[in-house]
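Just below is one structure, and these are the notes that go with it.
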Amino acid sequence: MGGVDDNGPPLKRVKPASIGLDNHSNNSFLSEPTIPLGGLMARPLVSLGKNDTVGPKGIIKRVEFVRIITEALYSLGYTRSGAILEEESGIHLHSPVVNLFRKQVLDGNWDGSLATLHKIGLTDENIMKSASFLILEKKFLELVENNKVVEALETLRNDISPLGINKKRVHELSGCLISPSQFASNGFANLGTKAENPRLKLLVELQKLLPPSVLIPERRLENLVEQALNVQKETCFLHNSSESSFSLYSDHHCGKDRIPNQTTQILQGHRDEVWFLQFSNNGKYLASSSSDNSAIIWEVSESGEVSLKHKLNGHKKPVLMVAWSPDDQQLLSCGVEEVICRWDVGSGQCLNVYEKSGVGLISCGWFPDGKRICSGATDKSICLWDLDGKEIDCWKGLRATKTSDLVISGNGKWIISMCKENTILLQDREANMEKILQEQQTITSFYPSRDDKYLLVNLLSQEIHLWSVVDAPKLIAKYEGHKRSRFLIRSCFGGSEQSFIASGSEDSQVYIWHRETGELIWKLPGHTGAVNCVSWNPANPYMMASASDDHTIRIWGLSTTNTKQKNVVSNGVIRQCNGHCK
């Protein structure tokens, strides 16, 4: 595991008699004998001895079940099948009154549809008024569209206003009569075009408003199936699958084998310890940095194979970290107490160098607009730069510390950094607000969740803590088992919906925990030196990477689907680029 060298009785068949449909002479398309849906293997719906329920538990009402299936057939375009089901079951999708109401709405028979609406049997006066308002509003707008201003005014005065609801909308409608320009600016113009089918849109709105027993909600069966799949996903303890892998043929279940656990590639582009790595936001690239004074951009193919794209040489000291731009077109690399370089991902050329006289830079990050960067410095300051290298702002104070971890939240509001050995500061400079996250032990690194609601905090005490930072920071989970005594070890969120926590370790293994329960799922051997950093591909829940002191990067995948890629090694000579800084 983890290394490239690891290794009832048959149902009785009953042939149903063919069903003749001669008694349905009023439906010309049913004139030919038809075999029941499902062919010769079709069987009656199972019920518990009662005709009004179906299913093994007898909790599904037959009438509702058949009506929903009928609605699904019609919505899928299977008109003939829907009609057959109505005839064969004797259960109609809509009552004659509702069918008349639907036809009147689609035909624009507004007075007739209002009269029929009162015959449907609605008991809620508010629903009756709201439905009437929608119908009269459509009548009014079509009159205005056809320049029948007097009739539109009468409809507004005599029919719409007396309902006494939605006065703001009534005011907007009246404005259409006073000012034709307002009619256009409010989006009322051209509502009668066939392309938009506004009457069908009205029917959909009425469908949402009227009780589902009267008008079954559109695509109700699909919604029920999606709800069932979501419940299965939520109850799947180790869920780590894309939605495209779901099937209606069997219940959804993920085993631990659906979590990366097998080395699929060993990347050997660096000549010394690999300290940091991170997948791009779109998952198509991987960037790594090393104590060999270089950074590397790796490319991830559609098949999942990783190859060297550019080797970035230009730093004079070990490269501490890298950071992807929001659009993944550029990359920052930060040397240890040195400079920050900005690279073009396509060409591998250095676009700019950021430095501060007499001070070394030790961290870097992007603002979400992609037009500004942020850095931490050895003088305990935090600096903001534009892309051209102009310093926009710089500050330090009692709460600053020499730190190599710096993050800007996805909305650009919060700058997150360590301000003391055991304290993380979340700072909103514009609103002059701060949040303090304080630990009992020394903090070595931290990592934000994709939604910016959580922080993963690594501690000197060989624990990883999960904090909620939505409001006041709150500790909600702990993860233990990995080893850390001398080196900086980094962790990350990962998997489908970031349901797992992965971490490096000084014992040369990669550790993976279940995020919610804290249960250790995998310990992955393979490296021969401390694992300094891990990164989970945000676009592929089955791919993870780890960086080690053994000078290599390991790509992890599923053992059941990547057997062909075992023993694949990339030596970093596929393509190189010096990438000298300007």
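The values are calculated or read from the model by the stated rules, or taken from the named source; none is laboratory data. In this text the structure is predicted, and so the values were computed from the model without any measurement. Cβ sites come from the backbone with ideal geometry, for glycine too, and all protein chains shown count toward neighbours. In case anyone asks, the SASA skips ligands and DNA or RNA and just uses the protein heavy atoms, side chains included. Shrake-Rupley method; radii C 1.70, N 1.55, O 1.52, S 1.80 Å.
Go over the candidates 293, 282 one by one and state the one that is open to solvent by 40 Å² or more (accessible area, probe 1.4 Å) and touching a His at 6+ places or on another chain (Cβ under 7 Å).
The unique qualifying residue is 293.
Could you identify the single residue in 289, 247, 280 that is over 26 Å from the mean Cα position of the chain (by Cα) and among the hydroxyl-bearing types (Ser, Thr, Tyr)?
None of the others qualify; the one that does is 289.
Which of the residues spanning segment 495-521 are surrounded by fewer than 21 Cβ atoms within 10 Å (Cβ to Cβ) and not in a loop (DSSP other than H, G, I, E, B)?
Listed by number, the residues that qualify are 496, 497, 498, 514, 520, 521.
Within segment 452-474, which residues are charged (D, E, K, R) and open to solvent by 40 Å² or more (accessible area, probe 1.4 Å)?
452, 453, 471, 474
Please state which of the following conditions residue 223 fails to meet, knowing it meets all the rest: (1) outside any loop (DSSP other than H, G, I, E, B); (2) within 19 Å of residue 348 (Cβ to Cβ); (3) of a type in the set (S, T, N, Q); (4) open to solvent by 40 Å² or more (accessible area, probe 1.4 Å).
(2)
Quick one: is residue 343 open to solvent by 10 Å² or more (accessible area, probe 1.4 Å) and in a strand (DSSP E or B)?
When the stated conditions are applied, residue 343 does not pass them.
On the basis of being surrounded by 14 or more Cβ atoms within 10 Å (Cβ to Cβ), among the small types (Gly, Ala, Ser) and in contact with a Leu (Cβ under 7 Å, 6 or more places away or on another chain), does residue 449 make the cut?
No.
Name the residues in segment 450-479 that are at pLDDT below 95 and either touching a Gly at 6+ places or on another chain (Cβ under 9 Å) or among the aromatic types (Phe, Trp, Tyr) (or both), would you?
450, 451, 452, 462
Could you tell me how many of the residues in segment 422-437 are surrounded by 13 or more Cβ atoms within 10 Å (Cβ to Cβ) and out of contact with any Asp or Glu (no Cβ under 9 Å at 6 or more places or on another chain)?
Of the residues in segment 422-437, 2 are surrounded by 13 or more Cβ atoms within 10 Å (Cβ to Cβ) and out of contact with any Asp or Glu (no Cβ under 9 Å at 6 or more places or on another chain).
Within the group 362, 373, which residue is at pLDDT 95 or above, assigned to a strand (DSSP E or B), within 30 Å of residue 299 (Cβ to Cβ) and open to solvent by less than 20 Å² (accessible area, probe 1.4 Å)?
Answer to the selection: 373.
Could you tell me whether any residue of segment 390-405 is open to solvent by less than 10 Å² (accessible area, probe 1.4 Å) and out of contact with any Phe, Trp or Tyr (no Cβ under 6 Å at 6 or more places or on another chain)?
Within segment 390-405, none of the residues are open to solvent by less than 10 Å² (accessible area, probe 1.4 Å) and out of contact with any Phe, Trp or Tyr (no Cβ under 6 Å at 6 or more places or on another chain).
Please indicate, with yes or no, whether at least one residue in segment 228-240 is within 23 Å of the chain's Cα centre (by Cα), surrounded by fewer than 14 Cβ atoms within 10 Å (Cβ to Cβ) and among the small types (Gly, Ala, Ser).
Yes: segment 228-240 contains one or more residues that are within 23 Å of the chain's Cα centre (by Cα), surrounded by fewer than 14 Cβ atoms within 10 Å (Cβ to Cβ) and among the small types (Gly, Ala, Ser).
List pairs: first in segment 146-172 and open to solvent by less than 90 Å² (accessible area, probe 1.4 Å), second outside any helix (DSSP H, G or I), Cβ under 8 Å, 6+ apart or cross-chain?
Pairs found: 172/186.
Step by step: first the residues of segment 482-494, then only those that are part of a loop (DSSP other than H, G, I, E, B) and of a type in the set (A, V, I, L, M, F, W, C), then the one that is farthest from residue 280 (Cα to Cα). Which residue is that?
487
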